[in-house]
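One structure is given here, and the rest of the page talks about it.
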Amino acid sequence: MHGVRREDFYKTPEEEKAFAEKLKKGFKLLDDFVDNVRRSELELKSEGCLMGDEKEMERMFALSGEITDFMPEFYPSWNYRKNYLLQDSHSADKLHLLLLDELVFTESLLKKAPKCYAVWHHRLWILTILFNKKFEDLSDVLNKEIELCMLFFRFDGRNFHGWSHANFVRHYLKKLESIPKLGVASETDRLCFARFGKLIEKNFSNYSAWFHRGALSETCGSLDSDLDNIVPAIYTDPNDQCIWHYFDWLIYHRNALRFYLVKCCLLKDKGIFVLYFNGPVMLSTANSCIVAIGEGESPKQLEGKWESVKRALCFQRLGDAPIPQNVWRFRLATTLKTQDITHISLTVTIETDDDIVEAYYDHVITAPKCKVGEKEESNQTDYKATLLELGYMIHLDMDEDLVVDHNAFTIRRTNVANDGVWEDMSGILSRPVNLPGTSRMVPIGKDITAGILEDQLKMVTTLIGVGTCSKYLHLAANKINRYLGIARNAEKCYDSVKRLDPLRAAMYDDLLLNETVEDYLDKVQSSKSDAVSMAGIGIKNLSYRTMCPHFMLEELDLGSNSLNDGLKRLSLANNGFTSLRKLLSALQNLSDLISLDVSGNPLSTLESETIKSIPISLRQIDVTETPLISSLVREPENDATNGNITAVHTSLCDSSTGFGKVMGENSTWTFVKTGKGDSQRVYLQRMDT
């Protein structure tokens, strides 16, 4: 137990005396063990192979057992036992018996120390050896191991050591089975689902059981049975957080598609398709494509280059390192004539980490120390991501805007386990839905219908109506109303929540504000307006993820809010700014701004008044991929008065040095290049004099 010392368990003088005697004996055993190990190290013929008299080895092995019984956390004794078991002199039958005896021994220790890392690690190592040796009784041993974990969960249902161990054993059992058909859960997952369900029946507050049962196969269980379990639990204890976590997962995330396209648009003047996803994704550009389809013409795959849009200045330091991003763009190689196109087929393939846990378990199986009688060489292969392919059909409306069909796109998946075969997941994973009255895409759980949402809303409002004091009820009602498109008073909801949980009042204010901003933006997007006014609603900040889907806005009113000038880093990369002077003038009041990114903008010249427009705190301006760079590398001019920018000397700015100076009245601005090739960045950097 956390925070309780072992000696506190011995209350009577007799118990304390007995424990003191045990300590004395135990420390003597430790001294004896350490001395013997030191002597044996001198007799090692090669690393990992114990030498010496066999009787001495047997004595030391027995001594290590006494040590671990006294102090299970003493790793050297466990390492000695591992080395003993790894001896090549053991026959297969003897090794089998030794491993089974070791399971019995560690089980006895776990009953006394159920949260000891060393014991659980050693037991997992024993099971891994048994798995790799493929003994005949392996399946029975692994099934008994699952039952042992269930026994420990009866005493402590949230023992994370036990849950981690059970997941390893479950993985080993699944490796013994043949790969199940698509849409059919494995026998192991079905058995574990039933066992974990019994733990929930015993204690519905066991969040570990809820979580690990939900992490089983996508085809385990059913929505109806889960609702039958969760609804009575809510009535029994509406303030139990773990129940509401599972309720939210069940309604909005069970078998829901993790990644999906939110918005797609075409910037015709720049020849760029812009794709915005619901979260950071790693696009497999080699497996993604855009195909234009015209009436009476054969489909034509568009040529171009996929690029991620980096959302933070810090990512620039990573160069070309692959980083998941919310926004990706496809830069066309040639001009696209939209008048000849009726619709577009978009295929995006996303690299996901769906199988990374299974890969971790495989990593343990192939570890060198888990292969008895073989060379200590790892057979591990590089992890290959699971690929999720989404196929969208996009239509062009009368204004040649792109209209994505979010209701009928295809979903396919492939991974290493199925040898690269693509599986149709459309009937297993749930597509996102539109919030009623808006174009906002949100996830929804598998088999969730409007009728089910209405039933849950009725249950929640009934509990609120009888005076049940639970913040989770108000939050759940607000979210369900939003999904159903029912008019709601979000401010009233969060006021009730703050009364019930005043310590988190500031967090609830932020949640309300974020919801209000999203509602404003949704109304504008639904009306296809280019302008939005969010004046006077108390905005403190606007996040990248909130505003990014609305990057086509031309007018934004943020007057009378709570925004301040504390901004330090600002990225305006890949926009349409043509004048650096005008842009800097608009940022004059940002007194804390130190870094500005204007890369990829059509900034043509460095105007004479630019220095006077620079905020006093600004230290660095990223001008990568702007026409401005060529204007800096030129012959000197004569005009250099009144604090205006002087021309840059070619000798200081040539490609060999990558360095030059732009002089202002009170500061020196240095032209700096960093990196090489595609990762090269070009900066204007201040050097105060």
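From L103, L151, L124, grab the single residue that is of a type in the set (A, V, I, L, M), outside the structural domain of I365 (by TED's automatic domain parsing) and touching a Phe, Trp or Tyr at 6+ places or on another chain (Cβ under 8 Å).
After applying the criteria, what remains is L124.
When you look at R482, is it closer than 25 Å to S562 by Cα, in a helix (DSSP H, G or I) and either among the basic types (K, R) or under 26 Å from the mean Cα position of the chain (by Cα) (or both), yes or no?
For R482, the condition - closer than 25 Å to S562 by Cα, in a helix (DSSP H, G or I) and either among the basic types (K, R) or under 26 Å from the mean Cα position of the chain (by Cα) (or both) - is not met.
Among the numbered conditions (1) within 22 Å of W669 (Cβ to Cβ); (2) in contact with a strand residue (DSSP E or B) (Cβ under 6 Å, 6 or more places away or on another chain), tell me where S604 comes up short.
Going through the list (1) within 22 Å of W669 (Cβ to Cβ); (2) in contact with a strand residue (DSSP E or B) (Cβ under 6 Å, 6 or more places away or on another chain), S604 breaks only (2).
Please go through the stretch 313-340 and give me each residue that is within 24 Å of L567 (Cα to Cα), modelled with pLDDT under 85 and touching a Lys or Arg at 6+ places or on another chain (Cβ under 8 Å), ordered by number.
L313, Q316, listed by residue number.
Here are the criteria: (1) of a type outside the set (F, W, Y); (2) over 21 Å from D248 (Cβ atoms); (3) touching a residue at least 60 places away in the same chain (Cβ under 8 Å). Tell me which single one S178 does not satisfy.
Condition not satisfied by S178: (3).
For S599, work out the one condition from (1) more than 24 Å from G485 (Cα to Cα); (2) in contact (Cβ under 8 Å) with a residue 40 or more places away in the chain; (3) not in a loop (DSSP other than H, G, I, E, B) it doesn't fulfil.
(3)
For the stretch 162-169, check the following and say yes or no: at least one residue is among the aromatic types (F, W, Y) and part of a helix (DSSP H, G or I).
Yes, some residue in the stretch 162-169 is among the aromatic types (F, W, Y) and part of a helix (DSSP H, G or I).
Does the stretch 422-473 hold any residues that are over 24 Å from K523 (Cα atoms), of a type in the set (G, A, S) and outside any strand (DSSP E or B), and which are they?
Result: S426, G427, G445, G451, G465, G467, S470.
May I ask you to list the residues in the stretch 389-400 that are surrounded by 13 or more Cβ atoms within 10 Å (Cβ to Cβ) and either at pLDDT below 85 or out of contact with any Lys or Arg (no Cβ under 7 Å at 6 or more places or on another chain) (or both)?
Result: L390, G391, Y392, M393, I394, H395, L396.
The values are calculated or read from the model by the stated rules, or taken from the named source; none is laboratory data. Values in this document were obtained by computation on a predicted structure and should not be read as measured data. All Cβ positions, even for glycine, are placed from backbone atoms using ideal geometry, and neighbour counts span all protein chains on display.
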